[in-house]
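Bear in mind these aren't lab numbers, they're just calculated from the coordinates by the rules spelled out. As the structure is a computational prediction, the values presented were derived from the model and not from experiment. Please note: Cβ atoms are built from the backbone with ideal geometry, for glycine as well, and neighbour counts cover all protein chains shown.
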């Protein structure tokens, strides 16, 4: 056996101890594996294209959750970050001939800047007022874009951007690996100490302030982080579509993000990602009945939220897992005793 | 009285037509425990909120250890060493209790003073231990009873290792037994020392309270407020005998 065998056994025992114990972790594992292995089974260009967009929007919805779900800064204009990054990426690529792997991060930094610019006036607002104010920003920016068609291309947008890569398969792998990676990073952020402070800001801002935490800094941090991740999505979108137009700033897109995230379940990064992976392909699938497509879509979303107000994924998770009353560790519902502290599960 | 530790001069605050705090001025020493009493609406809570800059004063000066604190942000003031609790408790309800206390443990002041503590969780746990609710550390804060919420407030305030502690009705809603416990832990805190990884400076305290009997046991000095102005200031036993104080509390005629 030797050394490789030792490491293999160790990896397997780690896998069995950490992943196989909980159905939700198994589900995440299967999901990641499925996303990565899918091209082995089908390389249908239509399917790959849909999944590329699904991955991009999953990053976008998760970044919304980071800002609005976790920090409680209700943002109804999240398309702003997406659009700003798409335009920045497009301009960098077209004017300066930068390749995608430089233009996308720089475009995302543009979105961070946008996050700072809208974050500062929004610091004093909360709830409905914040939502209305953030809603206005993409509309304002759209006006600006129409006003300077020489730079932005006006209503037609910018076209002729470089491809992300040569082949559709590579595009698929770039977007899906980025989706998995960024999703993991966002989840880690919310799980960290910074994440606790962001959570606390959502609960009670005054109490956080009187605990000696600079809430301004953390709220701006949330805007910037969220802007960065949304910006990566925007940059990818520009390079996949090869155009960056005013549609990236539309109010409809902002609301679409909210619908995806709320459907999947907010305050959990995996919820919005799952929401996009269910709803976006569903909307495509419903093209088989084009006339009532949106009606059926709306019906499904409404019924789901009527019975699962927390969102689909947290509801499912509560069905298959329960918390140990003593140590608060999650267990499969079929277990009689907690897997860590062996307390009775009722 | 020692060298002036907290100094308040000509403090004014109005809400619309109401003068909640009217030309209040007092100073206190480093080791004092000050009781702030008065009938409802006398401006006690407002004074505490003005000190921690949750509210902005209309005029007046507040100095803490010789530094002006009017105009500073709340978190700056907390990081200077003033911690406060809220009268109507404001826990982060959907977070576990330990996370509630980890938030102040993550403030710059607590991080700097506890550099040697590797884990913030451990320090938060000691603050909970001090307040006596460490056994419920993993429960959600929304499951706590009124008394335990008060203790959580105290744990959160203590976690920043303050030099001045502002307590807003620490005994409000507690049973007599719980009140005694709380009073004892206040006393222990004021003496200073170590509670596990947590260090107590032996903070000076300003306590706003209605339960006079318990308050009298722990304070060195009492200030009585009525309609936003100070009507009495002195040793507890002397203050409660003053006719104005009795009149303010019980109305004309007295006992």
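Largest GNM mean-square fluctuation among A:75, A:214, A:93, using chain A with Cα springs under 10 Å: A:214. Separation of the range B:83-107 and the range A:1-33, taken as the distance between their Cα centroids, equals 37 angstrom. Considering only alpha-carbon pairs that sit under 8 angstrom and 6 or more positions apart, the relative contact order computed for chain A is 27 percent. Calculated mean residue ellipticity, 222 nm, chain A: -23000 deg cm²/dmol, from DSSP H runs (n ≥ 4) at -39500 (n - 2.57) each, averaged per residue and rounded to 500.
Peptides A:253-262, B:37-46 ordered by packing proxy, namely the average of other Cβ atoms within 10 Å per residue, highest first: A:253-262, B:37-46. If contacts are Cα pairs under 8 angstrom and at least 6 residues apart, what is the relative contact order of chain B in percent? Averaging sequence separation for qualifying contacts and normalising by length gives 24 percent for chain B. Shape class for the range A:37-150, computed from the alpha carbon gyration tensor (a ≥ b ≥ c): oblate, with a/c not under 1.5 and a/b at or below b/c.
Comparing A:279, A:295, A:249 in a Gaussian network model of chain A where C-alpha atoms under 10 Å apart are linked, the largest mean-square fluctuation is found at A:295. Model label sites at residue A:156 and residue B:246, defined 7 Å from Cα along the beta-carbon direction, differ in position by 9.3 nm.
The ranking of B:140, B:123 from fewest to most other beta carbons within 10 Å of each one's beta carbon is B:140, B:123. Legend: mean number of C-beta atoms from other chains within 10 angstrom of residue C-beta atoms, peptide B:81-90, equals 2. Kindly list the residues of the range B:145-184 that lie in the label zone of residue B:139, defined by a backbone N under 13 Å from the point 7 Å along the Cα-to-C-beta vector. Those under the cut-off are B:145-152. Computed across the range B:34-187, the Kirkwood radius stands at 16.2 Å (inverse of mean 1/r, all Cα pairs). Counting beta carbons within 10 Å around each of A:81, A:137, B:5 and listing the fewest first gives the order B:5, A:137, A:81.
Under the shape rule built on the C-alpha gyration tensor, where the axes satisfy a ≥ b ≥ c, the range A:208-303 is oblate, since a/c reaches at least 1.5 while a/b does not exceed b/c.
Separation of the range A:87-103 from the range B:136-156 is 53 Å, based on Cα centroids. Out of every Cα-Cα pair in chain A, what percent are more than 33 Å apart? That tail contains 32 percent of the Cα-Cα pairs.
The alpha carbon convex hull volume per residue for the protein assembly as shown rounds to 218 Å³. Counting only DSSP beta bridges with both residues in chain B, the antiparallel share comes to about 60 percent. Shape analysis of the range B:98-196 places it in the oblate category; the axes a ≥ b ≥ c from the Cα gyration tensor give an a/c of at least 1.5, with a/b not above b/c. Measuring between their Cα centroids, the range B:53-73 and the range A:181-197 lie 36 Å from each other. Most simply put, the protein assembly as shown has about 65% antiparallel DSSP beta bridges, counting only bridges with both residues inside it.
The order of A:101, A:64, B:116, A:187, going from fewest to most other C-beta atoms within 10 Å of their C-beta, is B:116, A:101, A:187, A:64. For the range A:116-168, the Cα-based Rg and Dmax, in that order, read 16.3, 47 Å.
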